[in-house]
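Below is one structure, written out as structure tokens, with a few remarks after it.
Taken together, the values in this text are just the output of simple stated rules run on the coordinates, not laboratory data. What you are looking at is a predicted structure, and each value in this text was computed from that prediction instead of being measured. All Cβ positions, even for glycine, are placed from backbone atoms using ideal geometry, and neighbour counts span all protein chains on display.
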């Protein structure tokens with residue numbers, strides 16, 4: 001039986017009231033799901049490859065992150081050799097390194113891409129915190145420094161080439177990848193491929209907890225510092241129903257040279273990111289091949 005728009009809206013209001021009564025902590029997520037019921041987002045098609053990558057995982061205590069234990073994983077293509085180039089994928093808010101190879105299936109997409117002719121490279125991910133937004137926070141947690149001074153040396157110890165590396169990420173991680181690329185520039189970063197980057201034009205628009213205050217936002221404003229990305233190969237993918245779509249379009253239009261883009265149907269969700277993954281991996285492989 002199909003539901004009318006009015007029935008969906010009435011049901012959404014009822015569920016919302018019940019959630020509030022129960023004191024649900026993650027109300028924003030529930031609100032987003034209810035909004036999807038009332039305003040369905042067209043999802044792109046995608047196919048998850050069947051063969052998974054060989055992965056290695058571990059953890060370390062991070063001084064840069066104030067003594068926190070940081071989990072990490074590395075996915076290798078079938079043609080594993082020493083001195084493979086590597087791309088670091090930064091996870092989104094509320095996720096972890098495991099999400100990269102879990103719901104996002106980057107290990108499977110990596111294997112399929114290499115089988116299709118993409119130059120082989122490894123994909124690595126580390127925990128950046130629930131809502132750190134991949135920069136130093138007032139409490140001393142600095143996941144960006146962790147990547148540069150602890151995770152990259154670990155990757156080098158594993159036999160991967162780290163003098164120049166790729167960057168990728170979605171949502172919070174997409175923002176973080178662009179922020180880190182602005183810091184290290186073309187001398188260290190070979191290419192950046194981001195999905196649905198969490199970009200806000202001003203501090204008052206940001207999500208709760210993303211920045212310590214307006215000064216913190218200003219100090220880590222990816223939009224204001226876009227000139228630091230000049231000359232860097234960049235690919236940006238975002239769904240046209242994504243809440244960050246308009247700001248991301250403006251950001252992309254200001255980059256030199258113009259980035260490769262995928263502005264197609266989809267929202268801020270796993271369906272779009274799975275759709276995007278094969279193209280992001282192929283883009284990274286193309287530019288990591290020349291490092």
Those residues that are crowded, with 20+ Cβ neighbours inside 10 Å and more than 30 Å from residue 285 (Cα to Cα), I need them from region 188-216; list them, please. 210, 211
Among the residues of region 142-165, are any without any contact (Cβ under 8 Å) to a residue 24 or more places away in the chain and touching a helix residue (DSSP H, G or I) at 6+ places or on another chain (Cβ under 7 Å)? no
Of all residues making up region 250-266, the number that are on the phi < 0 side of the Ramachandran plot and surrounded by 15 or more Cβ atoms within 10 Å (Cβ to Cβ): 8
